[in-house]
Amino acid sequence: MPWPPDAVLVGWDIGGAHVKACRVEAGEVRDIAQWPCPLWQGLHHLDAVLGQARQRWPQAWSREGRHVATMTGEMVDLFPDRAHGVAQLAAHLAERLGPTLRLYAGPGRWVAPHDGAASWQAIASANWRATAQWLAPRVREAVLVDIGSTTTDLIALRDGAIAARGASDAERLASGELVYQGVVRTPLCALAPRVPFGGQVVNVMHEFFATTADVYRLTGELDPAHDQQPTADGQPKDLPATRRRLARMVGRDALDALPAQWLELAQAWRTAQLEDIAGQFARVAEDAGVGADAPVIGAGCGAFLAAALAARAGRRYRRFAQCAPQGPADPFEYWADVCAPAVAVALLAAGGD
């Protein structure tokens, strides 16, 4: 897909809870950003994000501006089904980003918005493929582990190509390549029915009392910049309020134990999540025949768990950002990990892939 040499290219990753974007000029990453966007509550949230992006990058809406997008937001229950979701998002984005917009539909396929409805199956939830497509020829053999706020992608790469078994969300859930949990929005009751606490193993309350953000806020691993979603009880994100939410999960109050004991409980939830993802990781790597010496490439706001997963599996660890070209945006290298699909779709388009 040819672009003018002076094009200001923005790659978008339109998710159900966040929008991520990457600005590329002359083949180099110049800026990266992420905004919270509760899309299930209405398209006006997407409009608000696009307005903020336009203020940040006005040149992207000039005649030199070009836009490409991938998405997962078609899955939210704002839409009756995924086909309608893709079609509505494609039309909405085209109105606001202009006629240059193209939608990522897999290797070598860039679809005009008016053709989005006809190609919805290739466009829907393809952001993982964009990341893997860009990365595969650069690392040859690895397992890409992208742990975000809501989901985890486990993508095998072999011989410089994607070695995934599944394509759709349904297929990838069946193959273990999509693990529907992340480090911010996942309800803790989804991770384990029982946890160790106070010297015994106790049942947990299957209520939306706390999320994984509470766990990683307490362990100190969740960067505040990614702690963008409301808490389960709508209360603050300070440590006392975080302990109260964790305490409810085991039928207690925060005053029933010392802060160190609530940290131990958070570590127990962390262990449960890591063990679950590790089991799926081993399955994906084995099914694809990925060698034991192949590294883990970590991405997402939960890349710290990807690093822990690599250590647990005895594999080398690299960050996605270490594979991406860096120009004057070196201060934004950290955000390349967090917004990997947006970076990848922008770089794929800039490279004519």
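List of remarks:
- Applying the condition of being closer than 14 Å to residue 185 by Cβ and open to solvent by less than 30 Å² (accessible area, probe 1.4 Å) to the stretch 218-246 and asking which residue is farthest from the chain's Cα centre (by Cα) yields 245.
- Boolean, residue 52 is closer than 17 Å to residue 335 by Cβ, open to solvent by 20 Å² or more (accessible area, probe 1.4 Å) and not aliphatic (A, V, I, L, M): yes
- Of the helices (runs of 4 or more DSSP H) contained entirely in the stretch 41-148, those carrying at least 2 residues that are within 18 Å of the chain's Cα centre (by Cα) and on the phi < 0 side of the Ramachandran plot fall at 43-56, 127-139.
- Every condition in (1) open to solvent by 10 Å² or more (accessible area, probe 1.4 Å); (2) at negative phi is met by residue 26 except one, and the failing one is (2).
Condition check ((1) of a type in the set (Ser, Thr, Tyr); (2) in contact with a Leu (Cβ under 6 Å, 6 or more places away or on another chain); (3) closer than 23 Å to residue 228 by Cα) across all residues:
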| site | (1), (2), (3) |
| --- | --- |
| 176 | no, no, no |
| 181 | no, no, yes |
| 187 | no, no, yes |
| 192 | no, no, no |
| 201 | no, no, no |
| 204 | no, no, no |
| 207 | no, no, yes |
| 211 | yes, no, yes |
| 216 | yes, yes, yes |
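- If only residues of the stretch 231-254 that are in a loop (DSSP other than H, G, I, E, B) and of a type in the set (Gly, Ala, Ser) are counted, the one that is farthest from residue 38 (Cα to Cα) is 251.
- Positions within the stretch 173-195 being in a helix (DSSP H, G or I) and over 16 Å from residue 247 (Cβ atoms), in sequence order: 173, 174, 175, 190
- Test: residue in the stretch 271-290 that is among the basic types (Lys, Arg) and either more than 30 Å from residue 158 (Cβ to Cβ) or in a loop (DSSP other than H, G, I, E, B) (or both): no
- Qualifying residue in the stretch 12-33 (condition: among the small types (Gly, Ala, Ser) and farther than 26 Å from residue 124 by Cβ): yes
- So residue 313, is it within 21 Å of the chain's Cα centre (by Cα) and modelled with pLDDT of 95 or more: no
- Extreme residue, nearest to residue 336 (Cα to Cα), among residues of the stretch 291-321 that are part of a strand (DSSP E or B) and open to solvent by less than 20 Å² (accessible area, probe 1.4 Å): 299
- Applying a threshold of 8 Å to beta carbon distances and a minimum spacing of six or more residues, or different chains, the list of pairs starting in the stretch 330-353 at a residue that is part of a helix (DSSP H, G or I) and ending at one that is basic (Lys, Arg) and at pLDDT 90 or above reads 337/319; 338/20; 341/20; 342/20; 346/23; 349/66; 349/102.
- Scanning the stretch 66-86 for residues that are surrounded by 24 or more Cβ atoms within 10 Å (Cβ to Cβ) and not hydrophobic (A, V, I, L, M, F, W, C) yields a count of 6.
- Listed by first and then second residue, the pairs with beta-carbon distance under 7 Å, at least 6 apart or on different chains, first residue in the stretch 196-209 and part of a strand (DSSP E or B), second open to solvent by 100 Å² or more (accessible area, probe 1.4 Å), are 201/194; 202/194; 203/194.
- Hey, residue 275 open to solvent by 70 Å² or more (accessible area, probe 1.4 Å), closer than 30 Å to residue 16 by Cβ and of a type outside the set (Val, Ile, Thr) or not: yes
- Count - residues of the stretch 29-49 that are open to solvent by less than 10 Å² (accessible area, probe 1.4 Å), touching a residue at least 40 places away in the same chain (Cβ under 8 Å) and under 21 Å from residue 149 (Cβ atoms): 3
- Where residue 205 falls short, out of the listed (1) out of contact with any Lys or Arg (no Cβ under 9 Å at 6 or more places or on another chain); (2) over 22 Å from residue 15 (Cβ atoms): (1)
The values are calculated or read from the model by the stated rules, or taken from the named source; none is laboratory data. Model, not experiment: these values are computed from the prediction. Reconstructed Cβ throughout: ideal geometry from the backbone, glycine too, with neighbour counts over all protein chains shown. The area values use the complete protein model at the heavy-atom level, side chains included, leaving out ligands, DNA and RNA. Shrake-Rupley method; radii C 1.70, N 1.55, O 1.52, S 1.80 Å.
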